[in-house]
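The values are calculated or read from the model by the stated rules, or taken from the named source; none is laboratory data. Small disclaimer: the values here were computed from a predicted structure and weren't measured. Cβ placement follows ideal geometry from the backbone for every residue including glycine, while neighbour counts extend to all protein chains displayed. Protein only, heavy atoms only, side chains kept; ligands, DNA and RNA dropped before computing areas. Shrake-Rupley method; radii C 1.70, N 1.55, O 1.52, S 1.80 Å.
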Amino acid sequence: MSLHRYRFVLTRPLQLVPVLFGISIITFVLVRLIPGDPARVLLGTKATPEAIERIRAQFGLDEPILLQYLYFLKNLGAGELGNSILYKIPVLRLVGERIEPTLLLVGGSVLLALALAIPLAALAAGNRGRPADHAIRLFSTAGLGFPPFWLAIMLIILFSVKLDLFPVAGYGDDWAERLHHLVLPCFTVALALSAVITRNLRASMIAELASDHATAARARGVSERRIFWRHVLPNAVIPAINLLAVNIGWLIGGTVVIESVFSIPGLGQLLVRGIFTRDYMVVQSVAMVFACATVLVNFLADICTVAIDPRVQL
Amino acid sequence: MSLVRGSAAAARPAWLPHFGQYPAPLYLGIGIVGAIFLLAVFAPLVAPFDPIAQNLDVKLQGPSFAYPFGTDNFGRDILSRVIWGARVDLQIGLIGVVFPFLIGTSIGAVAGYAGGVVDAIAMRVVDVVLAFPFLVLMLAIIAILQPGLGSFYIAMALVGWVSYARLIRAQVLVLISADYVLAARSLGYSHGRVLFRHILPNAITGSIVFSMSDVVLVVLNGAAISYLGLGVQPPTAEWGIMIAEGQNFITTAWWITAFPGFAIVVMALGFSLLADGLGELLGVRE
C-alpha cells in the first residue's frame, strides 16, 4: 500500500481554508444584516444594560464593520459563540447537547438507505427490463417527489397510531428507547435517500455486470454470486458514496424538517426554534456547524474513495 | 390513392404531433402539469366551497359525497382547499425557479465568458454557498427577513442561483472556442452580443431541462418551509400548511393531511416526467 496516495489528506485542508472563511463571512454578515442595534438584536429586548455593555466589548460592536469581523473570528477561535437568549447558556454547550440525536438520525438514515438501495438496485440490475426493474425504477422516480414531512406523518398514522409499533414523537432516556424513537424518522429519511441511491447504483451495477472483468470472471467459471459480491458491488458502491457526500447538504436539510415533525431534540429543531424565538446566536452557530459538517463529510468521502479504489489519485 | 393521402394530410395538420413522435413521459408530464395549471387558474369556478370560509357544523367530517376529501377542524372543505392550494404551490414552483434561473444564468455566463478574476471570484462564492446545506441557509435568510412567501422567494433566489451558474458556466467554457463564436467576434460584434445572442442560446438547453426538475425540489422546499410555519401563513390554503394543520388530528382525521400530500406528490411527478421527457427530446443527459 502506497501512502503517497493519501498525501491529499494533508494538502486538501489548506484548499478548504477559503471555503471555511467564506462560511464565516456569510454567517457573520447574516446577523449583521438584521436591522437595529446589533447588541439588542443578539441579546433580545429583555437584556440588561450590563449585558449589552459586555457584548459590545466582546464583539467590538462600536468598531468599524471590518474590525467587528475580526472580533467575530477571534471569538470563534476561542470557542466563544455567545449565549442563547432562550436557554441562557453558551451556544456551544447547547450545540454539544443537541448534536447526538442529529448524528444518530443522519447516520441511521444513511445505513438504512444503503440497506434498502443495495438489494433493490441488485434486483433491478439483475432483472433488467422485467417487471421488477420497472417497479423499482418507478419507486426511484416517484420517491423523489414525496415530501418527507408528509411521508413521516403518513408513517406515524400507519405504524404508531394504527399498529402502535413505534412512539409518535420525542426522544428516549436510555439507548434502547432512543433507538426505538429513531426508527420511524430514520426510515422516513432513508426512503427518500434510497430513491436517489437506487437509481445511481442500478446504473453502475448494469455497467459493471456487462464489464470486461465480469465477463472474464464468468469465463473462468466464477459463480454469479461471487462476481456480484467481489466485482460488481465494490465498484458500484464507490459512485454511490460520492453521491451520498454530494447530497449531505440535502440530507441535513431533510433531518431539520424531520426533527421538527417528530420533536427530536437535535440541531435541526434547535435551528427552527431559534428562528421563531429570534435567538440569532443559535441560528448563526447551527448554520455554521452544519456548513462545516458538510465540508468535512465531503473531505471524508474523498478519503473513503481513495481507500476503496486503488486506482484513484487525488 | 393520392387523393386519400391528400385528405388525410388535410385532416391532420403537420404541426400536430402524432402519437409516438415525442417521448411518452413528455405527454404524461404535460398532461399532469397542464391539468394542475387549469385547476389553479379556474379554482374559483371548480372548487365547490370557499377555501377559507369556516363552517363549524360540519367540522372533522370524513370523505363523503358532499365533501369528497372530508373537512378540517374548522369545517373547511379539504377538496376546495387542495384546489386553491394549487394556485399557491404552482406559483411557489414557478417563481421559486425563475429568479434563481435568471440570476444564476447571468452570473455563470458572464463568469465563464470573462474568465480570470471575475470567474475565480464567482466560483469561490458558488463553493461557499454550496458548502451550506440548502435548506439551512434558506432558513437562516428567512430568519433575518421575516417568515412569509416574499422572504421565501428572496432566500430561494439568494441560494438557488448557484446550480444554474455552474451549469451554464460549464457550457459557456465549451462553446467559447466554437468556430461560430470566433466568426462573430471577427465580425466585430461586442462581447455582450456574442455572449447573449450567440453563445447563450446554444448553452441554455441543459439549464431549461434542469429547471423543470428543479421545480420539484422548490415545491418540496416551499411546502416544507410552510409546514415549519416560516413560509405561507394561515389561513391561506397551501398544501404544506394544510399538512401541518392536520398533524394535530392524525388520530381522528387522517384526510386533512393525506390529500394535500397526495397533491404535492402528483405535482412533483408531473414536473419530473416533464423534465425526463424534455431531456429525452432535447438529448440532454442529467
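Observations, loosely collected:
- Of the residues making up the range A:245-271, those that are of a type in the set (A, V, I, L, M) and surrounded by 21 or more Cβ atoms within 10 Å (Cβ to Cβ) are A:248, A:251, A:252, A:256, A:257, A:258, A:261, A:264, A:267, A:270, A:271.
- Of all positions in the range A:261-269, none carries a residue that is at negative phi, in contact with an Asp or Glu (Cβ under 7 Å, 6 or more places away or on another chain) and not assigned by TED's automatic domain parsing to the domain that holds residue A:154.
- Out of A:47, A:39, sole residue that is outside the structural domain of residue A:269 (by TED's automatic domain parsing), over 19 Å from residue B:136 (Cβ atoms) and not in a helix (DSSP H, G or I): A:47
- Out of B:108, B:115, sole residue that is under 30 Å from residue B:213 (Cβ atoms) and either buried (at least 22 other Cβ atoms within 10 Å of the Cβ) or touching a Ser or Thr at 6+ places or on another chain (Cβ under 7 Å) (or both): B:108
- Scope the range B:234-286; condition open to solvent by 40 Å² or more (accessible area, probe 1.4 Å), assigned to a helix (DSSP H, G or I) and either facing chain A (nearest Cβ under 8 Å) or not hydrophobic (A, V, I, L, M, F, W, C) (or both); matching residues: B:245, B:247, B:248, B:269, B:276, B:280
- Residue match in the range B:18-25 (condition: modelled with pLDDT of 90 or more and either open to solvent by 60 Å² or more (accessible area, probe 1.4 Å) or in contact with a helix residue (DSSP H, G or I) (Cβ under 8 Å, 6 or more places away or on another chain) (or both)): no
- Residue list for the range A:243-252, filter: of a type outside the set (A, V, I, L, M, F, W, C) and either more than 17 Å from residue A:108 (Cβ to Cβ) or touching a Lys or Arg at 6+ places or on another chain (Cβ under 9 Å) (or both): A:249
- Residues located in the range A:224-251, provided they are assigned to a helix (DSSP H, G or I) and not hydrophobic (A, V, I, L, M, F, W, C): A:224, A:225, A:226, A:230, A:231, A:234, A:235, A:239, A:242, A:249
- Some residue of the range A:12-26 being surrounded by fewer than 13 Cβ atoms within 10 Å (Cβ to Cβ), part of a helix (DSSP H, G or I) and within 11 Å of chain B (Cβ to nearest Cβ): yes
- The sole residue among A:253, A:268, A:249 that is over 24 Å from residue A:236 (Cβ atoms) and within 8 Å of chain B (Cβ to nearest Cβ) is A:253.
- Which numbered condition residue A:84 misses (of (1) open to solvent by 50 Å² or more (accessible area, probe 1.4 Å); (2) small (Gly, Ala, Ser); (3) in contact with a helix residue (DSSP H, G or I) (Cβ under 8 Å, 6 or more places away or on another chain)): (1)
- Considering A:179, A:201, the condition of being part of a helix (DSSP H, G or I), more than 12 Å from every other protein chain (Cβ to nearest Cβ) and more than 16 Å from residue A:265 (Cβ to Cβ) is satisfied by A:201 alone.
- Checked against the criteria, residue B:125 does not count as surrounded by fewer than 23 Cβ atoms within 10 Å (Cβ to Cβ) and more than 11 Å from chain A (Cβ to nearest Cβ).
- Total residues in the range A:154-176, condition within 16 Å of residue A:104 (Cβ to Cβ) and part of a helix (DSSP H, G or I): 2
- When the range B:147-165 is filtered for residues that are within 14 Å of chain A (Cβ to nearest Cβ), crowded, with 21+ Cβ neighbours inside 10 Å, over 15 Å from residue B:91 (Cβ atoms) and touching a residue at least 24 places away in the same chain (Cβ under 8 Å), the ones remaining, listed by number, are B:159, B:160, B:162, B:163.
- Residue list for the range B:77-119, restricted to those being in contact (Cβ under 8 Å) with a residue 40 or more places away in the chain and of a type in the set (Val, Ile, Thr): B:78, B:82, B:83, B:88, B:92, B:95, B:97, B:103, B:105, B:107, B:110
- Just one residue in the set A:215, A:188, A:198 is free of Cβ contacts under 8 Å to residues at least 24 places away in the same chain and either touching a helix residue (DSSP H, G or I) at 6+ places or on another chain (Cβ under 7 Å) or not aliphatic (A, V, I, L, M) (or both); that residue is A:215.
- Residue check, residue A:166 open to solvent by 10 Å² or more (accessible area, probe 1.4 Å), within 13 Å of chain B (Cβ to nearest Cβ) and over 22 Å from the mean Cα position of the chain (by Cα): no
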